[in-house]
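A short worksheet on the structure shown next.
The values are calculated or read from the model by the stated rules, or taken from the named source; none is laboratory data. Worth saying up front: this structure is predicted, and the values here are computed from it rather than measured. Cβ sites come from the backbone with ideal geometry, for glycine too, and all protein chains shown count toward neighbours.
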Amino acid sequence: MMFRDIFHQSTLPQVVIEPDLTYIEMNNAFCQFLGYTKEECDSITIESISHPDDFLQDFRQFQRLHNGIIKEYEMVKRYIHKNGQIKTGRLKVCTIRDQETKKKFFLAQIYDLTEFTKVYEGLRQSEQKYRLLAENSSDIICLHDSHGHFLYISPSIKGELGYEPEELIGCYSPKLVHPEDQDFVTLEEQTIAFRAKKKNGAYIWMETAIKKVSDDESNCMSQFITVTRNIQKRKETDELLRKSEKLAVVGQMAAAVAHEIRNPLTPIKGFIQLLNSGAEVSSHYSAIILNEISRIESILSEFLSLAKPTERKKEAICVNELLEQVIQIFTPQAFLANKEILFQKNGESNKKINGDSNSLKQVFYNVLQNALDAIEEKGRIMVNLEEGGEVLCVHINDNGCGMPDERIKLIGEPFYSTKEKGTGLGLMTSYNIIENHDGTISFESKEGEGTTVTISFPFIEKEA
């Protein structure tokens with residue numbers, strides 16, 4: 001009685017079959033699986049609910065079981081639901097005997113796979129679609145193992161690099177990267193440009209987007225996908241643009257230098273002609289000539305320092321200490337002019353940045369000199385250092401004359417200066433130095449109220 005209750009209350013579709021393939025007992029789960037009522041199930045046959053392509057295989061296996069050739073069998077079988085839909089189940093059939101009569105019966109159990117089959121079929125169709133996209137994409141789509149070996153390569157690699165996909169399966173992918181570019185090609189999610197080796201030995205520029213594929217159970221990276229495209233033409237175009245821009249800049253700067261040098265040459269030429277005529281010239285005129293020559297030297301020195309930047313070694317720098325050193329240089333000058341420089345730190349910041357101390361001193365020197373020139377007697381400069389997110393921010397604020405918005409937009413351009421005898425090369429050089437340190441510089445100013453210069457650099461969490 002207990003086993004009968006277990007049979008009928010089970011959620012697993014089950015049925016007891018006679019050797020002649022007629023049903024003699026079935027549970028509610030079996031009826032629900034096929035969509036019939038208990039009364040309707042009494043009149044159905046195995047053949048009527050079986051998919052025609054699966055019934056013959058099921059019948060043959062049943063005959064082998066009935067004849068004692070096998071003890072049980074399993075198969076994936078399709079069933080016809082009452083509404084005509086196809087249900088999929090894993091059928092397991094084994095022999096049972098009545099303990100009193102010793103008569104042989106067969107117990108069939110069905111594990112519903114309908115939803116799993118739908119999902120699997122959907123995945124299979126999706127895989128076919130994505131494979132179709134990969135196989136016909138102009139980009140090179142690759143699948144790599146966690147160590148960087150090729151597992152799959154789309155056919156487009158032959159058109160770009162000359163290799164058949166089969167030639168590279170199992171190979172270590174970074175071997176195709178130019179030796180000089182291998183240092184920054186790492187197995188991390190990123191988009192990188194590098195030179196790739198073609199089958200004929202030549203190198204072309206490629207750009208690759210790397211995406212990790214994590215294992216759902218361990219959440220660790222098991223594979224990664226790369227999508228690579230040819231950017232050789234883009235690189236060549238960029239190089240041509242860069243060269244044309246260089247030529248344009250050289251032309252602009254040559255014209256600007258000629259203009260700047262012509263100004264001091266005018267009085268020098270005039271006084272020399274005066275000397276050549278035999279007229280008496282006072283020592284005051286000689287001083288003007290020497291001053292104008294010094295001005296020409298200064299313009300040329302700034303121009304050469306901009307045109308020929310030297311290679312600088314970067315190291316961990318404490319910005320606090322660097323600012324204190326530069327401010328200390330300006331303190332006597334400010335004191336004599338009855339001006340004040342105040343350095344305010346928000347806490348004791350020990351954060352460091354990666355850079356060249358001499359270059360950064362030049363930046364702070366230029367900005368502080370401009371601030372001193374902008375303020376009147378009894379003027380004040382506030383230097384503030386603070387941390388913001390992942391950067392260190394240096395704010396240099398003065399209460400000088402300020403600037404209108406249209407002038408701020410021109411700051412940093414060659415030979416633009418708000419000073420009477422300024423060349424603008426100092427701030428232009430500063431812009432280049434800040435850019436080489438992955439930093440930013442911005443200006444806020446109001447006429448009559450003053451100017452605030454904000455310089456930001458990414459700080460390093462740990463020294464190398």
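Could you check the range 20-37 and list, in sequence order, the residues that are exposed (fewer than 12 other Cβ atoms within 10 Å of the Cβ) and either touching a residue at least 12 places away in the same chain (Cβ under 8 Å) or aromatic (F, W, Y) (or both)? Spell out how you get there, then give the answer.
Initially, the range 20-37 is screened for residues exposed (fewer than 12 other Cβ atoms within 10 Å of the Cβ), giving 20, 22, 24, 37.
The answer is T22, I24.
Please go through the range 134-158 and give me each residue that is of a type outside the set (K, R) and without any contact (Cβ under 8 Å) to a residue 12 or more places away in the chain, ordered by number.
Filtering the range 134-158 for residues of a type outside the set (K, R) gives 134-157.
Result: N136, single match.
Output the residues belonging to the range 372-412 that are among the small types (G, A, S), at pLDDT 85 or above and touching a Phe, Trp or Tyr at 6+ places or on another chain (Cβ under 9 Å).
none
Of the conditions (1) within 18 Å of L143 (Cα to Cα); (2) at pLDDT below 80, Q252 clears all except one; give me its number.
(1)
Mind telling me which of the residues K92, K82 ends up being basic (K, R) and in a loop (DSSP other than H, G, I, E, B)? Show your work before the answer.
Working: K92 fails: in a loop (DSSP other than H, G, I, E, B).
The unique qualifying residue is K82.
Report, by residue number, each residue of the range 359-394 that is within 21 Å of F457 (Cα to Cα), out of contact with any helix residue (DSSP H, G or I) (no Cβ under 9 Å at 6 or more places or on another chain) and surrounded by fewer than 17 Cβ atoms within 10 Å (Cβ to Cβ).
Answer for the range 359-394, where residues must be within 21 Å of F457 (Cα to Cα), out of contact with any helix residue (DSSP H, G or I) (no Cβ under 9 Å at 6 or more places or on another chain) and surrounded by fewer than 17 Cβ atoms within 10 Å (Cβ to Cβ): E386, E387, G388, G389, E390.
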